[in-house]
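The values are calculated or read from the model by the stated rules, or taken from the named source; none is laboratory data. Since we're looking at a predicted model, the values are computed, not measured. Glycine also receives a Cβ, built like all others from the backbone with ideal geometry; neighbour counts cover every protein chain displayed.
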Amino acid sequence: TPSLFAATPRTWRNNFHLAQAYLDKYYTRKGGSQIGEMVARGGNSMVKKIKELQAFFGLRVTGKLDQNTMDVIKKPRCGVPDVAN
Amino acid sequence: YRLFPGEPKWKKNTLTYRVAKYTSSMTPFEVDKAIEMALRAWSSAVPLSFVRVNAGEADIMISFETGDHGDSYPFDGPRGTLAHAFAPGEGLGGDTHFDNAEKWTMGTNGFNLFTVAAHEFGHALGLAHSTDPSALMYPTYKYQNPFGFRLPKDDVKGIQALYGPRKPFLGKPHMPHIPPHKPSIPDLCDSSSSFDAVTMLGKELLFFRDRIVWRRQAHLPTGVQPSTITSSFPQLMSNVDAAYEVADRGTAYFFKGPHYWITRGFQMLGSPRTIYDFGFPRYVQRIDAAVYLKEPQKTLFFVGDEYYSYDERKRKMEKDYPKSIEEEFSGVNGQIDAAMELNGYIYFFSGPKAYKYDTEKEDVVSVMKSNSWIGC
């Protein structure tokens, strides 16, 4: 599980679910079969999506839900996904 | 910038749009205005034009929706997701939905509809999200002032990659050469005209009409200076509806349609706000005249044949208003175009006449020509 910056268990859980929903909404290719996408066996797709988000927003790509990443996740935004859909 | 996979775009350059469902947090007039300005932001960069329809199917159907609204992208309540739009195409293509759970606004006290709509229409025209933080198509919300908005460079490049640039008109003008538009100074000395608004501002008296403002010393009828409104108040441009000054606060208020601006002297303080900040009912869309009464520290707002009283100390509209102008200010005939208080008298401007009203006697004590105030 991508490590979350030091937080109380409740905050940790809330942030994790918030991040999971965000990544599912904006960084998950939906609809139709996923063509040409090879995911390394056992690769953690959540870490991969976090890295995609961090790359998109120009953050340090760590694959971790650090403070900067959570700040972006909490900002009001457009509902159109950031990855090709 | 980024385009959608397959680079979908509209194959025609005139697109229809329709607001099918409005929000409760703004008047329909405001929503229409914000949508129109947001579309214009894009048509200024590419050879596209937008035609509004009020019934049936349009290319871009616009609506304010709540929660799950049938397109498999449910909204999530306040904050979070603000809106979404679909890439160009038949049916759902181009359609744009706003989350009605948000507080939408023309200003900054909520999510600015112009800002979000301009972003969403980028999607509706074929742009995906940009990774450039200065771009309008960046995914997260950042307020843009609708007045004087210019499409950022990244967005111009993206949209022109799809539709090419809006060509400057190079052909010979079909019309006979029209001289550059100079705001003609309306001849106010003909007796048929009046003022749009009048106010004190510091030691000066300002008289507004169309695109012109006349400035004069309050106690000197000579030396009247006409100039364009834009030269003193660029944001106001023309047709100011009402204005008043609260001298002891050093601020003045200028009204146009459902918006008002606050100034300190000639200095604008921030972006336009909506008149509903004062507590007007939503059906009031504009103010005819306003005057601040120093003694009671109250501002009277005139709308049609009624008037409201706003308590400047408590910053709230007084109860039991609106009241009938005719009942309270007998002797002042016709709609009130402008009003001001000077030396304890209220001056009402209605068409070519100005009524000097004595609040003690509660009666009109003299009537003069409106334009006598600017030396006619």
- Message: Can you find a residue that is in contact (Cβ under 8 Å) with a residue 60 or more places away in the chain and in contact with a Gly (Cβ under 7 Å, 6 or more places away or on another chain) anywhere in region B:320-334?
- Response: no
* Out of curiosity, is B:Tyr347 touching a residue at least 12 places away in the same chain (Cβ under 8 Å) and within 22 Å of B:Gln285 (Cβ to Cβ)? -> no
Picking from B:Ile336, B:Ile287, the residue that is under 30 Å from B:Asn112 (Cα atoms), under 26 Å from the mean Cα position of the chain (by Cα) and either at pLDDT 90 or above or buried (at least 18 other Cβ atoms within 10 Å of the Cβ) (or both) would be B:Ile287
Per the list (1) in contact with a strand residue (DSSP E or B) (Cβ under 6 Å, 6 or more places away or on another chain); (2) at pLDDT 90 or above, residue check on B:Gln297 breaks on (1)
Of the candidates B:Thr230, B:Thr263, the one satisfying the condition of being part of a strand (DSSP E or B), at negative phi and more than 11 Å from the chain's Cα centre (by Cα) is B:Thr263
Looking across region A:27-63 at residues that are in a loop (DSSP other than H, G, I, E, B), at pLDDT 90 or above and surrounded by fewer than 16 Cβ atoms within 10 Å (Cβ to Cβ), the single one that is nearest to the other protein chains (Cβ to nearest Cβ) is A:Gly58
Inside region B:260-278, the number of residues satisfying the requirement of being of a type outside the set (Phe, Trp, Tyr) and within 17 Å of B:Gly202 (Cα to Cα) is 7
Of the residues in region A:64-85, those that are within 8 Å of another protein chain (Cβ to nearest Cβ), charged (D, E, K, R) and assigned to a loop (DSSP other than H, G, I, E, B) come to A:Lys75, A:Asp82
Among the residues of region B:53-66, the number that are in contact with a Phe, Trp or Tyr (Cβ under 6 Å, 6 or more places away or on another chain) and either assigned to a loop (DSSP other than H, G, I, E, B) or more than 23 Å from B:Gln144 (Cα to Cα) (or both) is 1
Going through region B:88-111 in order, the residues found to be buried (at least 21 other Cβ atoms within 10 Å of the Cβ) and either without any contact (Cβ under 8 Å) to a residue 40 or more places away in the chain or facing chain A (nearest Cβ under 9 Å) (or both) are B:Asp95, B:Thr96, B:His97, B:Asp99, B:Glu102, B:Phe111
Within region B:120-151, the residues that are closer than 23 Å to B:Phe98 by Cα and more than 14 Å from chain A (Cβ to nearest Cβ) are B:Asn145, B:Pro146, B:Phe147, B:Phe149, B:Arg150, B:Leu151
